[in-house]
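Just below is one structure, and these are the notes that go with it.
The values are calculated or read from the model by the stated rules, or taken from the named source; none is laboratory data. Since we're looking at a predicted model, the values are computed, not measured. Cβ placement follows ideal geometry from the backbone for every residue including glycine, while neighbour counts extend to all protein chains displayed.
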Amino acid sequence: MPIALQPSSTWTCLKDISRAQMHGYPERLQPKMMLRKAECLVTLGRLQEASQIISDLESNFTAKQTPAAPQFQTLQSTLCRLKMKAQEKENLTETFPAALTHAFEDMNLREENEQISSASPSVSLCTDPLKGRCLIATKDILPGELLVKEDAFVSVLNPGEMPPLHYGLESKRNTRVANGDLYCHRCLKHTLAMVPCDGCSYAKYCSQECMQQAWDLYHSIECSLGGLLLTLGVFCHISLRSTLLARFEDVGKVIRKLCGEISNKDLSLPESKNLVQTLSYDLGEESEKNGKTMEPPIPGCDINGKYINNYNAVLHLLPHTKNHSPEHKFLCALSVSALCKQLEAANLQTLPSQESSQPKAAVVPAMCQELHIWGVAMLRHMLQLQCNAQAITTIQQTGSEENIVTDSRQVRLATGLFPVVSLLNHSCSPNTSVSFLSTVATIRASQQIGKGQEILHCYGPHENRMGVAERQQKLRSQYFFDCNCLACQKEKPRAAAGPPWEAFCCNSCGELMQGGDVLSCGHASCTESASRDHLVSRLQDLQQQVGTARKLLRNGKLERAIQLLLGCQHDAERFLSAEHSVVGEIEDGLARAYATLGDWQKSATHLQKSLRVVEVRHGPSSVEMGHELFKLAQVFFNGFAIPEALNTIQKAEKVLLVHYGPWNDEIQELQKMKSCLLDLPPIPVGPPV
């Protein structure tokens with residue numbers, strides 16, 4: 001039975017009621033559900049419909065004549081209250097405008113790029129002999145400017161990690177909620193009331209419409225493969241879904257050419273020029289004029305030279321076949337083979353009858369004789385994904401609603417393919433920031449970009465999160481290139497010193513320690529030295545204590561957590577730099593503990609110290625800095641520190657707007673806090689009476 005009656009979720013409640021009626025909700029419980037429906041309608045201001053339901057319920061109660069039953073008395077009392085509420089609203093205007101359903105719409109691109117779909121006119125697609133395809137600024141770009149807003153060509157929800165089930169008399173049923181229970185499997189929208197697939201126990205959707213769209217596009221074939229797809233993994237699932245979506249574009253003959261007309265050498269090197277020409281020519285046949293075909297200037301573009309988010313662009317993403325290990329290629333081929341076998345088995349089963357609601361496109365296309373074509377396409381996609389898959393992330397809150405303080409963390413919600421976003425090359429110090437809303441990726445300039453400069457994106461290894469050696473190793477192993485960005489060039493000469501968020505300090509004078517296995521104080525007049533191994537051992541012990549304190553915080557043992565963290569703070573001051581990341585963790589933990597106790601002043605003091613660590617590590621304009629400023633603004637707001645709160649809100653807005661735009665949840669909350677503070681009456685200042 002749906003219980004949410006907030007305006008933003010009332011529509012969900014009504015849809016849930018409709019589905020319950022459609023699936024045969026028990027007759028004896030109908031009055032309770034109809035009362036809830038009437039309450040929803042009153043909340044929405046649809047008073048005429050609500051009055052009709054109330055009238056029908058009154059007639060129903062009179063006919064049954066069972067006034068002694070406790071349930072009847074409760075329902076009748078609720079009915080009377082609801083009737084009064086409806087009458088009170090009769091003379092009021094509608095309080096829930098239809099426009100509210102569009103409240104979370106993101107900003108659109110002001111103009112369409114004539115060369116690249118989903119991109120701003122501020123960028124241009126070019127090629128470089130060393131880098132390949134890249135995006136270049138066509139004009140000076142300001143921080144926060146929207147550059148790309150692209151819906152994923154394909155996306156698959158990550159199933160989430162679940163603990164294994166242990167069978168036995170003492171075992172308990174696992175009731176932990178995973179992402180698959182919270183987000184729509186088609187549009188990735190966070191959903192209160194899921195609509196499950198009629199054919200499997202895994203796929204769930206935000207609405208009947210999303211479920212039908214998923215069924216028509218791909219789920220009619222995926223439905224019976226659910227267990228196998230979960231076993232083979234997300235990459236295999238994306239490969240199948242990409243091929244299924246290709247049925248709705250004119251690419252069948254292209255995939256056949258991929259199988260039949262290229263040589264064995266081309267098959268092993270799918271990024272070869274022959275394949276690029278084959279795919280480009282076939283997809284551009286509709287634009288041929290007078291029997292003449294012009295080769296697209298850039299791979300992935302159509303015959304008119306436009307790069308579009310479609311299957312042609314996906315096929316032109318490089319699979320890097322030469323770089324993958326033989327073991328990886330064998331595993332990919334084995335996975336695709338298993339999937340094709342299962343598709344063949346599904347084909348041999350009874351096909352849908354004419355009365356079936358499944359569309360004709362839902363049947364495995366051309367059946368078994370075309371499975372080898374699908375297999376080639378799926379194998380190519382699997383090889384592409386290691387370098388081209390994009391993690392779709394979201395911010396999740398942890399902790400119950402009763403808690404004053406909750407954690408927020410970025411989680412990987414799904415994996416998708418974004419052909420336009422994939423054009424951006426990597427930098428360990430990028431000039432863009434990426435965010436997601438459902439299946440849409442938004443790329444904004446994070447700093448000023450001059451005309452002619454390349455638009456750069458970070459593939460994961462960032463200069464503010466790891467050292468140059470670790471970044472180089474990760475990029476080489478996953479993306480098969482040696483990074484030579486400006487950040488790597490600058491950092492190599494000073495790599496031995498290490499970043500400040502990992503530095504040790506002198507116990508005597510507080511200066512930073514330098515050196516290799518034996519560290520010496522950097523101050524000229526100080527002779528203090530220490531073994532690196534000894535300091536690393538002390539750091540590990542300290543990290544273990546901080547971890548224990550965080551567990552105490554989660555379990556509500558605040559006083560013990562504070563005492564332990566204060567001890568950790570004292571120890572850290574003796575051998576860690578003030579900007580060390582562990583110092584930031586300690587200060588953040590103390591701020592959280594005091595906020596939970598309602599001591600907002602102490603919480604703000606410790607959070608400001610944590611903020612300094614974040615600023616040194618990530619920079620004053622980083623998205624991490626924006627999130628920390630948001631936390632500090634909340635603490636000042638709750639502590640009624642009005643000038644400090646308004647100042648911090650302004651700083652947080654300035655940073656977060658650059659990375660997310662105005663429709664971000666945190667920016668919306670900051671604006672509400674600012675509005676609330678500005679509406680407060682002025683506090684009188686004068687001598688005490």
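Some points to look at:
- For region 450-473, the count of residues that are of a type in the set (S, T, N, Q) and under 28 Å from LYS189 (Cα atoms) is zero.
- Taking the criterion of being closer than 25 Å to LEU413 by Cβ and of a type outside the set (A, V, I, L, M, F, W, C), the residues of region 432-452 that qualify are THR432, SER433, SER435, SER438, THR439, THR442, ARG444, SER446.
- Any hit, region 444-451, residues being in contact with a helix residue (DSSP H, G or I) (Cβ under 7 Å, 6 or more places away or on another chain), closer than 24 Å to ASN664 by Cα and not polar (S, T, N, Q): yes
Every residue, every condition in (1) modelled with pLDDT of 90 or more; (2) touching a His at 6+ places or on another chain (Cβ under 6 Å); (3) in the same structural domain as LEU315 (by TED's automatic domain parsing), yes or no:
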| position | (1), (2), (3) |
| --- | --- |
| LYS189 | yes, no, yes |
| MET194 | no, no, yes |
| ALA203 | yes, yes, yes |
| CYS206 | yes, no, yes |
| LEU232 | yes, no, yes |
| HIS237 | yes, no, yes |
| ARG247 | no, no, yes |
| GLY260 | no, no, yes |
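- When residues of region 194-211 are limited to those that are surrounded by 18 or more Cβ atoms within 10 Å (Cβ to Cβ) and in contact (Cβ under 8 Å) with a residue 60 or more places away in the chain, the one nearest to VAL440 (Cα to Cα): SER207
- Filter result (more than 20 Å from CYS676 (Cβ to Cβ) and among the aliphatic types (A, V, I, L, M)) within region 601-658: LEU607, LEU611, VAL613, VAL614, VAL616, VAL623, MET625, VAL655, VAL658
- Qualifying positions in region 611-623 - in contact (Cβ under 8 Å) with a residue 24 or more places away in the chain and in a helix (DSSP H, G or I): ARG612, VAL613, VAL614, VAL616, ARG617, HIS618, VAL623
- Counting only residues that are in contact with a Phe, Trp or Tyr (Cβ under 9 Å, 6 or more places away or on another chain) and either assigned to a loop (DSSP other than H, G, I, E, B) or at pLDDT 90 or above (or both), region 656-665 holds 2 of them.
- For ARG476, the stated conditions hold: it is at pLDDT 90 or above and on the phi < 0 side of the Ramachandran plot.
- Considering each residue of region 488-502 in turn, at least one proves to be among the polar types (S, T, N, Q), under 30 Å from SER427 (Cα atoms), loosely packed, with under 14 Cβ neighbours inside 10 Å and out of contact with any Asp or Glu (no Cβ under 9 Å at 6 or more places or on another chain).
- Considering GLY450, GLY460, GLY510, the condition of being out of contact with any Phe, Trp or Tyr (no Cβ under 7 Å at 6 or more places or on another chain) and closer than 19 Å to SER577 by Cβ is satisfied by GLY510 alone.
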